[in-house]
Every structure is written in C-alpha cells, then in structure tokens.
Amino acid sequence: MFTVNPTAILQLGFWVTLSIVMMTVDHRYQYLNGVRDVLGTVVYPFQYLMQLPTNTKGWLEQNLAGRGTLLEENARLREKQIFLNAQLQKLTTLEAENRRLRSLLESTVNTPEKMLIAELLAVDFDPYRHHILLNRGRQHNVYVGQPVLDQQGIIGQIIHADPFSSTAILVTDANHALPIQINRTGVRTLALGTGNFQELKLLHVPNNEDVKVGDLLVTSGLGGRFPRGYPVATVTKFEPGSPFANIIAKPVAQLDRIREVMLLENAPPDEKPAPTPAPTPAPAPTAAPVPRRHS
C-alpha cells in the first residue's frame, strides 16, 4: 500500500493556487507579457528545429507535385496548341475554298447556261498530257465534248465520261485545239495547246492582222461545242513571221491551281435536234487532210 505524504499535497496545492493567481493577474493586468516574450524568444529556435522536418517534407511534396502538375499542364497545352493550329489551317483552307466557290457561284449568276459544279479528283502530271479527273459522270448528265470552265474562263472539255467520274482535257494539252476569236477585232483562228500551262499558240494569223499584246481571246462558237463569248486567253507575244505571225497567249484561268470547275449543261451532241435537210449542193473540192485534234 502507498502512503500519502502531507508535504507533497501541500506543495501541489501551493503551486495550483499560485498558477491560478498568476493566470488571473496576467489576464487582468498583463503583468507577465514581458516574461512571455522572453520565454517565447528562447523557445522559438527549438520549436523551429522541431518543425523543420515536417515543413521540409511539405515543401518538397508541394514543389514536386507542382512541377509534375506544371509538366502535365504544359504537355496538355502543347497538344491543345497543335490541335488548334491544325484547326486553324483547316479553317484557312475552308476559307480559301469558300472564296473559290463563291466566285464560281457569282460567275454562274451572270451565265445564261445551266452549270454543274465539279471537284478535281486527280491530275495527270505528264508534262504534255494535261488531263484532270472530275467527280461528276454520266449519272450527273456529263457527256463527251461538254465544255469545262472556271470563274475566269474556258479551261477545257470532257473527253471521257464514266458513271460517276469523267476526264477533261485542258486547253493547254498539246493535242487540243479551240476555235477562238480576238474580242477586239473579231478575227477568228485556232488556239493550240503547247504542253505549257501558261501558253497557247494561235494558228494561221497573217502578219498584217490587227493583233496587239493584251488582246482578249474568247470562244468563237464555231464547231458548236463551245458557246460563243467565253474568255480563253490574252495575247502575250506577237512577232511577224513567215508566212504567218508567231502569236502566244496566256490562258485566263490558272490551270495548274484549279480545284473546282463548272460544266456547261448544254444538250449533248446526240440530243440536239437534227437540222432541216437542204438541197444537195454541188460537190466541193476535197480539202487537204489536217492533223486530228480535240476541238
């Protein structure tokens, strides 16, 4: 059994009473503020050292987590930037396509003939074989010989039509000839392809003919395939020669950059009404054969 020491009880009572008195006095009169400041100053280094490991751990965790978060955010923003740049490029392409289509639609408003808009599917890259593949065919009433143009002017004609696609020959193809006339004077001739997207050659124009650089060449309507009056090219070179002048013209359409074209919806040759028979004329002399070209 433990024995109770009266002295210890008295000491405990003394210190408890003293503590109560000191707390009461400090609460009312703030006598111990100086003592508290001194004790706080003395104890602070020990408190700091005791808290240092915990603070260091928290700082490391925060910075490491923050760096990881920043790296993830940076990667996410980089991916978003790439996506937005791709979208911007697509919007730029769509804007350019929208301008081309608007230009095509505006040109169809000023054209009495019906138009069918087609897009390029492929291009023949042979230097002298200027053919393009279009996404319209016989199911869209496309026919061989149908004129093809863009918002600037004539670019060629259909030479083959499948059910859902067709092939067009450009006016610059070395095997293509187009009846044209000089818009200023009405002089008629043929414009031959040269295999160069930037050049057409005019045939059989006398040296004394009134032709000037800058003259606009338009379709003459001869042959019944191309309607009259559509722009084709402008004269860029006129040199007298023997026996005919050397005349070079540049197509008004940018044939190496076309994306969309228009097909003139005229009646195909086999659907046009046959002309009324006329009295048989006297036999005419046979002309010398000429090289076969698309016209």
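Things worth noting here:
- Phe238 meets each of the listed conditions (1) of a type in the set (A, V, I, L, M, F, W, C); (2) closer than 20 Å to Val123 by Cβ; (3) modelled with pLDDT under 95 apart from (2).
- Taking the listed residues Glu209, Glu199, the one that is farther than 18 Å from Gly156 by Cβ, among the acidic types (Asp, Glu) and out of contact with any helix residue (DSSP H, G or I) (no Cβ under 6 Å at 6 or more places or on another chain) is Glu209, with no other qualifying.
- Filtering Val21, Val4, Val16, Val42 for residues that are modelled with pLDDT of 75 or more, loosely packed, with under 10 Cβ neighbours inside 10 Å, among the β-branched types (Val, Ile, Thr) and farther than 30 Å from Leu120 by Cβ leaves a single hit, Val42.
- Residues being at positive phi and outside any strand (DSSP E or B) - total across the range 124-172: 3
- Within this structure, Val144 passes the test of being aliphatic (A, V, I, L, M) and either over 25 Å from Ala249 (Cβ atoms) or not assigned by TED's automatic domain parsing to the domain that holds Ala253 (or both).
- Long-range neighbours under 6 Å by Cβ, at least six apart or interchain, first residue closer than 11 Å to Lys212 by Cβ within the range 227-241, second surrounded by 19 or more Cβ atoms within 10 Å (Cβ to Cβ) and of a type in the set (D, E, K, R): Val235/Asp215
- Residue selected from the range 201-217 under the condition surrounded by 15 or more Cβ atoms within 10 Å (Cβ to Cβ) and free of Cβ contacts under 8 Å to residues at least 40 places away in the same chain, by the criterion farthest from Pro251 (Cα to Cα): Glu209
Every residue, every condition in (1) loosely packed, with under 14 Cβ neighbours inside 10 Å; (2) at pLDDT 90 or above; (3) in contact with a Gly (Cβ under 7 Å, 6 or more places away or on another chain), yes or no:
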| residue | (1), (2), (3) |
| --- | --- |
| Thr194 | no, yes, no |
| Glu199 | no, yes, no |
| Ser220 | no, yes, no |
| Glu260 | no, no, no |
| Pro268 | no, no, no |
| Glu271 | yes, no, no |
| Pro275 | yes, no, no |
| Pro279 | yes, no, no |
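The values are calculated or read from the model by the stated rules, or taken from the named source; none is laboratory data. Keep in mind that this is a model prediction, so the values were computed, not measured. When we count neighbours, we look across all protein chains shown, and the Cβ atoms used for this are built from the backbone with ideal geometry, even at glycine.
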